[in-house]
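So the structure is just underneath, and the comments pick up after that.
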Amino acid sequence: MSTFDTAFDHAITKAVPLSAQTTSKAQAPRTPLEGSFQTVERFEYDATRLVVTASVVGEQYRTLKTNLARFKEMEGIGSFVFTSSTKDEGKTTVVVNTARAFGRDPGVKVAVVDCDFKRPGVADICRAEGKAGFEEVMTAGAQLADCGVYSRRDNFVVFAMKRRSEETTETLATTVVERVIAELESIFDVILFDTSPVLSTTEPLVLGARTGGVVLVVRANATQRESVLYAQGQLEQAGCRLLGLVLNARPSYVPRFWWLRKYDYFQDEYTYKAK
Amino acid sequence: MTATRSDFRDYIRVAFSRGWWFAFVTLGVVAGISYYSFVRATKYYVARNEILVTDKYAGSLPKEIASSTDWITRIRKAELDFKRPVPARQTIEEAVGAVRMTLSESDVLSMVDSFKDKMKLEYSKEGGFIRLSYEASDGRLAAAVLSLFVKRVLASAVELQVQELNTEVSTLTALRDSLASQVAASERRLDEMKTVAPELKLTASTMAMLKDSRDIKTMPSTEQAVAVFLQLQRDIIGIDSDIADICEQMTTIAGQIKEQPDVVPAKRKLETMPAVVEATRRRDALRVQLAQLLANSTADHPMVKEIQAELKSLDAFLVSAASEATVEVVYEANQVREQLKVKATQLESEAAGLKERRVKLEENKEQWRKKLDEMPAQWRTARELTLDYEKKTDNLSLVTDDLVQAQIRRGLALDQVGTYYQPQWELTPVPERYTKPNHIIHLMLGVVLGLLMSFFAVYVMEFADHSVKDQRDLRAYTKAAVLGVISDYNQLKAVARRTPFAKAAILKTYLLALAFVALAGVVAWADWRWWPAPQKGQTLPAALSSATVSNIEQAMKLYTSQAANLEDYRSAEGAKVEVTPAIEVPGESSPQPMLSE
């Protein structure tokens, strides 16, 4: 991590010294999930894709987390399928950073499930590998406890892939999917599924119809409007509920010196009128 | 797709996302307009004048002008097309006078020579205008230089013509002289031949034949001499035949003389005479009447006596008639004989003459044969000399005609220089005051125009770009809630870390503004430095820059060296080639008002 990020992280983590962190295995679990899965102290994130919590973008992720938590409060929806219309729109980054935002609350049980069977990316960001990959859970009948990895500091469980599978028809068998989702929902309060693009694969359609809803990630200045509309139509046709959209990687066109004067210049009213 | 309502933040986004497009397009347009304003635009202190070339110049214009196809008709068409009102113009006389006050004629002529490259010659597309334009520091100067240039072009064209004609005349003169000497020589030889000709002792017929020809140039050739010889032979044969005819006639005449009787019988003669026959018939009738009377009546009847008297007279007549007839017949017989004798003597003399002539002809024939054997070459040379003389005389007359025509043409060409070709001027109005392009205005115009063009380009690009821009875009198109907006974290990180790229990204705005300011400053400085605003009332001498004056001095040196050669040429040829100014210098009595300052 760079000096800029470590400075912020130090500000965050200075309340808990490293000596205390290293010796916390003997202490009593602070969170409900601690001990249920393979537990690590912290994820070794990919520095280029991690967002500093105390930055403006971290605040934007907290806003997203708040909007998602609103669904849990009002409608009891706890499982969200993150997808996009095309590839490379930042689904995995958004999912992991949103999970970090959820994990700030120590009482909430959060899970990040990597369901992108073709191009799994969660393991690359979090550098977390369980005893079994999630594809084994879906096909070979491995247990979720063998797959998940829990971080004490980030307070969420990661179900990562170990290898990419070429064929997804077996893994997406209805009974298995429904069983696994039910098992996950029985354990976690918030489950974030990282899936593949809508327009090229079927995972988001299969998963979205059996979970609470779908969140469509759109990359600014890259995704075409027609692609978004077509993905929306695909989701409706598959019976998925589109909870909302997330605009990712929005560049700021105003110079920094101006941008800093007004706090949260681009956080306009639309983010709060989500419903 | 439903259209989104544009917002001010959209303009901000577009302005910052396509900022470089705005900058580059605007800078490009500003640079182009500045280039036009400083380099291509009409410079100040420039007068452009037109010349309406008329058909009077057909012969003396340079070839590139004169060779344009049917330009005279095009000029007339253009004159019909250009029915424009004649603007208030400054006359060329005033212009030339204004120039002359400060520069002499030779100076201006030298400027004409030195600034030939600056002269622009273009054909108007509408019609047949040949537009000569010249840039000078003053309109009057430009007009004067233009007029003198045209005059000089015409004069040089005529000079070239005169030079060619001079060479033509000299060659023709030499040719004529040589031909004349040749003609004289051949004439001399022909005279010698003429003196020789009488010594040939030609016969009368040959001499007559020769006399029929007017000149000695038609003297008989060898063939003709042979013809004369043959003619002589034919004459001899004809004379022989004549002699034969005469001999025959003589024999017949001798026969006739012999047949001619000495005495012709009278009865026969009387019976043939009608008066005698009538008298005899009358006598017989009277005798019958008398016998009847005597038988019927007495002898005393008055009729008897009358009849007897008449019978008596008839008898007397018959008797006398018989005697007379005898005499006449004798005379006739003698006369015929004498005539035949005379004829015979004539024929004899004629035959003798013919024989003499035949002898002469034979002698002549012998002489001609001798001459023919001796002098065929002399006759041939005489004939050739004659023909040569004739040819040379014709050539001489032709060459003389050419020479005369060339001399006439040269005279005409010399007349053209001074009087015949007066330029017809069609001048654009000469500017009264100095003008210059307003560079600042041009710069501002470039900024406005460039911004407009870049706005248009960016609008097109935005219109073609269908990518999602912001959350408003998303919400408008999908009608779904936007749960979150995540900024570009890498961009913010780069700015926060003060990377060089981020610093440059911040600086580029300042640099862009600085570029515009610098460009404006450069334009303003150049405008002030190189395009000084002329003062009010500034006149021609002050407007002439030092560079122009030095050019004029160099051109004067060149011109003086060239003029000496020209003068030598003119004096040597004796041709009065006077390059008079196109426009007369106004007299001293009318001072130029424009030079009062």
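None of the figures in this text is laboratory data; all of them are computed from the coordinates on show. Quantities reported herein were computed from a predicted structural model and do not represent experimental measurements. Every residue, glycine as well, gets a Cβ built from its backbone with ideal geometry; the counts of neighbours run over all protein chains shown.
For A:L245, B:L512, which order do you get if you count the other beta carbons within 10 Å of each Cβ and list the fewest first?
B:L512, A:L245
If you wrap segment A:161-209 in the convex hull of its Cα atoms and look at it from every side, the mean projected area works out to 3.9 nm².
Scanning residues 5 or more positions from A:G130 or on other chains, those with amide H under 5 Å from its amide H are A:A160, with H placed 1.01 Å from N in the peptide plane. In order along segment B:11-19, the phi-based Karplus estimate (6.51 cos²θ - 1.76 cosθ + 1.60, θ = phi - 60°) of 3J(HN,Hα) comes to 4, 4, 4, 5, 4, 8, 6, 10, x Hz; Gly and Pro are listed as x.
Mean projected area of the convex hull spanned by the Cα atoms of segment A:37-271, taken over all viewing directions: 12.6 nm².
As a proxy for reagent exposure, ranking A:M138, B:M273 by other Cβ atoms within 10 Å from fewest up yields B:M273, A:M138.
Applying a threshold of 25 Å to the alpha-carbon distances of A:K131/B:K493; B:K469/B:K493; A:K65/A:K91 flags A:K131/B:K493 as lying beyond it. Between A:F156 and A:S151, the built amide H atoms are under 5 Å apart, and every one of these is 5 or more places off in sequence or on another chain.
Phi-derived couplings, Karplus 6.51 cos²θ - 1.76 cosθ + 1.60 at θ = phi - 60°, listed residue by residue for segment A:111-121: 10, 10, 10, 8, 10, 8, 6, 7, 10, x, x Hz, with x used for Gly and Pro. Remark: mean inter-chain Cβ contacts per residue of A:238-250 equal 5, using a 10 Å Cβ-Cβ cutoff to other protein chain atoms.
Each Lys and Arg Cβ is given +1 and each Asp and Glu Cβ -1; about its Cα centre, segment A:37-271 then shows a dipole of about 780 debye.
With a cut-off of 15 Å between beta carbons, the residues surrounding B:N395 carry a summed charge of -4, where Lys and Arg count +1 and Asp and Glu -1. Among A:T201, B:T252, B:T280, sorting on how many other beta-carbon atoms sit within 10 Å of each Cβ, with the fewest leading, yields B:T252, B:T280, A:T201. For the peptide A:51-59, the mean number of other protein chain Cβ atoms found within 10 angstrom of a residue's Cβ is 3. In this structure, the amide hydrogen of A:S84, modeled 1.01 Å from its nitrogen in the peptide plane, lies closer than 5 angstrom to those of A:V198, A:V217, counting only residues at least 5 positions away or on a different chain. Express the C-alpha Rg of segment A:66-196 as a ratio against the empirical globular expectation 2.2 N^0.38 Å, rounded to two decimals. Normalised by 2.2 N^0.38 Å, the Cα Rg of segment A:66-196 equals 0.98.
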